[in-house]
1. When segment B:324-348 is examined, which residues are found to be surrounded by fewer than 23 Cβ atoms within 10 Å (Cβ to Cβ), more than 12 Å from B:Arg279 (Cα to Cα) and either more than 14 Å from chain A (Cβ to nearest Cβ) or among the aromatic types (Phe, Trp, Tyr) (or both)?
2. In the list A:Ala295, A:Ala278, which residue meets the criterion of being over 20 Å from the mean Cα position of the chain (by Cα) and within 30 Å of B:Ile83 (Cα to Cα)?
3. Looking at segment B:97-143, which of its residues are at pLDDT below 85, within 21 Å of the chain's Cα centre (by Cα) and of a type in the set (A, V, I, L, M, F, W, C)?
4. Of the conditions (1) free of Cβ contacts under 8 Å to residues at least 12 places away in the same chain; (2) farther than 25 Å from A:Trp175 by Cα; (3) surrounded by fewer than 17 Cβ atoms within 10 Å (Cβ to Cβ), A:Glu108 clears all except one; give me its number.
5. I'd like the full set of residues that are within 15 Å of A:Lys177 (Cα to Cα), surrounded by fewer than 21 Cβ atoms within 10 Å (Cβ to Cβ) and either among the polar types (S, T, N, Q) or over 19 Å from the mean Cα position of the chain (by Cα) (or both), limited to segment A:212-249.
6. Among B:Ser244, B:Ser252, which is the only one that is over 30 Å from A:Ser126 (Cα atoms), at pLDDT below 95 and either of a type in the set (S, T, N, Q) or part of a helix (DSSP H, G or I) (or both)?
7. Can you name the residue in segment A:45-88 that is within 20 Å of B:Lys298 (Cα to Cα) and of a type in the set (Gly, Ala, Ser) and, of all such residues, is nearest to the other protein chains (Cβ to nearest Cβ)?
8. With respect to A:Ser179, is the statement that it is out of contact with any Cys (no Cβ under 7 Å at 6 or more places or on another chain), closer than 20 Å to A:Gly6 by Cβ and part of a helix (DSSP H, G or I) true?
Protein chains: 2
Amino acid sequence: MEMPIGTFEVVAKDNKTKARRGRLYTRRGIIETPAFAPDATYAVLKHLSTHDLEKIGLQMILTNTYHVNIRPGLEVIKEHNGIHNFLKYDKPILTDSGGWQVFSLVYESKMGKVLDNGVKFRDHISGDEHFLTPQKAIDIQLTLDSDILMVLDYPVSPNANKKDNLYSISRTTAWAKISKDTFVKDERSRDKILYGIIQGANDKDLRKKSFEELEQIGFGGYGFGGVPLYDDVVEYTADLIPDSKLRYMMGSGTPDDIKKYVAMGYDLFDCVVPTRNARHGLLYTSEGEMRITNAKFKFDKKPVDEKCDCELCTTYSRSYLHHLFKIKEPLGRRLATIHNLRFYVKMMEEMRKLINH
Amino acid sequence: MEMPIGTFEVVAKDNKTKARRGRLYTRRGIIETPAFAPDATYAVLKHLSTHDLEKIGLQMILTNTYHVNIRPGLEVIKEHNGIHNFLKYDKPILTDSGGWQVFSLVYESKMGKVLDNGVKFRDHISGDEHFLTPQKAIDIQLTLDSDILMVLDYPVSPNANKKDNLYSISRTTAWAKISKDTFVKDERSRDKILYGIIQGANDKDLRKKSFEELEQIGFGGYGFGGVPLYDDVVEYTADLIPDSKLRYMMGSGTPDDIKKYVAMGYDLFDCVVPTRNARHGLLYTSEGEMRITNAKFKFDKKPVDEKCDCELCTTYSRSYLHHLFKIKEPLGRRLATIHNLRFYVKMMEEMRKLINH
C-alpha cells in the first residue's frame, strides 16, 4: 500500500521502555526510526562524498539552511534544481530553519535583533544584513528542495526567566502558524514534510503550553527545541506528543544520549557529536570510547574496533591511525569520521532490532 | 618466464622520439614504464587511503625515508614488519635515501654539516641530532622493507661552482660504493632493487664523469639528481645511461615535463605536482589546467573533465567543487587529488600505448 508522504507509523514497541520502532514515509523512501542524521552543514559532510554516505549506510542527512544560504548561496542551489542535485544525494535531506544559528548570532555575538515578525542579523562571513522571517525560512527551504523542513522557531536559553520563556513560546507559535500557512499555500510543498519545534526551556508547564499551541496548528512531528538539560523535561515533552507523531531530538547525540532518548520515545536525531569527535580523534567502539592520540596506541597493531566493518577497521591498525593524527593528516580525520558514522548506523540498527513487540 | 627481480626490459620504442616502453620486475609485480609514482611523504598520500590508490590505478608510490624515520619512527614500522603492512599497500614502494631532505636542512636551514663519511643534522620536528651515513640510509630502507631503494647521494645546487660540483660527485661515488656493498652484504636485499643517482649539476662533462664512476660500481638504474634546469643536460644524461637500464627522473613532473622527459627516454617519475596542485585547486584536465577557485565556475554544472572517469568527474559539478574549495572543505582537496592522480595514471597509460614499435 502506497502511504501518503509524511505518514509516520509506529510498527513496534519496546516492552521495557517507551522506545518505539517506526517508519516515516518521504518522497525519497522510507526512513526507519529511530534514525540518526549527521550534519552536513555547508551541503557537505566534512571529508565525505555522498558515495561514502551511501557506503556507510546512512538513511538521511541534515543540512543547515543558514550556512547554505550564505555559501554557496541560494542562486547556486537553484541552478542545480535543488540541494539533492547539488551535493548528489538521493536519500532524504532534512533542513533546519536557520533559526538556531541566527539566534546564536543574536545572543552570543550581538550581531542581530529579534523583532515580532522576524530576526535582523548580519552573517558571520560577509557581515551583510539579512532579515529572516518565518515566510522566508520556508521559502528558502522549499527552494533548497529538502524533504523535511523545520519552522522558524524562537528559542531561549534553558535558564531564561518566565517572561522571556513566554515570549519565546508566543513567537514560536505565531511563526509556526505563518510557516504552515506559507508551506501549505506553496505548490512546492506537496511532496514535503514540515515539523514544528516545541519551546518551554526547562519549565514543564510551558513545554505543555508550547506543544498545545503548536498541536492546534497541527504538525506531523515535533522537534525538541533547546539544549536538553533536565531528563525529566525531555521525557515529559516526549509524553506530550501523541504516539502517532514523530519526535525529533534536535542536536543532541552522544551514543548514551541517543539510547536514553530512544527509551523515552524519541524517533529522530541529528548531532555533530560523531563527526566532530572523530575529527578530534575520539572514536566510538564496541568497547567504549577510544582517544586515538593516546601514546599507548603508538605500537598497537589491532584494528580500532574488531567488531566494526568500516574501511578503517577492516584495513588499518590503531598504530597507523595514531600516526595519521600525530601528523595531522586529513585521511586520519576522514577514516575516523567514517568509523564513527558507521558505529552510529549500526547502533541505530541494533536499537531498531531490539524494539520488537 | 620468471624474470629475476630488478630486471628491466625495454619492450617497445617510439619511432619519432627516444621514448621507450619497458617493464621493471619487482617482488610485488611488474611496473609498466613510463611510470609515475606519487609521493606519500609520511607513509600516507594526503587525503587518500590505499583503497583509493588501488581504485585510481596507481602502479606504485614513493615514501620519504627521512620523514618516516622521524614520524612514526622506525620502531613502529618494525613492529608492523615493514612499511607495506603499516600503510597496507601491496604494490611496489620506492624509498628515497633521505639525502635530499637532509641536504635541504644543511643548505637552507643551516641545520647540519656534511662530513666525508655522512651528514650531521638536526631534524625539523624534535631538533634531535642525527648522523646519516650511506650505510645507515641503506639499513633504514631495508628495515622499511621497500622494493626499490636509492643510495645516499650528495647533491649540489644547479649553479654550484666546479669545486663543489666535483666534491659532490666524489662523495656521491664513494657513498654509492659503500651503499652497494652494504646492500649486497645484507640478506634482506635479496628481493630488492638499489639505484644510483647521477650528479654533475648542469655541467655535461661532470654528468658524464658522475655516471661513469657510478656505472663502474654498477646499478640496474639511475636517478637524475638535482633540479633539471637545462633540457640539454637532462637529455644528455639520459643518453649516457645504456638502453638496458632504468632512467628515473626524480622529483619533476608537470604533465608537460613528463611528456618531454619521456621523449628523452626517461622511464620513471615521482613528483608532488599533481597532489600538491590538487590541494591548491589546480586541476589537470583533457582541455588543460583548471583553477577551480575561479569565480567563473560558481554556477558551472559541467563535470571538471567530461573525459575523466574519477569519483569527482562522474559525480559532482564544477560548481560543487568550487564551493568545497571556497569553504576550505577537505573533501574538495581529496576529490581534486583523486582527479589529478587519475589524470596522471591515464596520461601514463596513453603514453605507453603510443610507444609501439
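The values are calculated or read from the model by the stated rules, or taken from the named source; none is laboratory data. Here the structure is a predicted model, which means the values were calculated and not measured. Cβ coordinates were reconstructed from backbone atoms using ideal geometry, including for glycine residues, and neighbour counts include every protein chain displayed.
1. B:Val345, B:Lys346, B:Met347, B:Met348
2. Answer to the check: A:Ala295.
3. B:Trp100, B:Val102, B:Phe103, B:Leu105
4. A:Glu108 satisfies every listed condition except (2).
5. Once the filter is applied, which keeps residues that are within 15 Å of A:Lys177 (Cα to Cα), surrounded by fewer than 21 Cβ atoms within 10 Å (Cβ to Cβ) and either among the polar types (S, T, N, Q) or over 19 Å from the mean Cα position of the chain (by Cα) (or both), segment A:212-249 yields A:Glu212, A:Glu213, A:Glu215, A:Gln216, A:Ile217, A:Gly218.
6. The match here is B:Ser252.
7. Across segment A:45-88, the extreme among qualifying residues is A:Ser49.
8. yes
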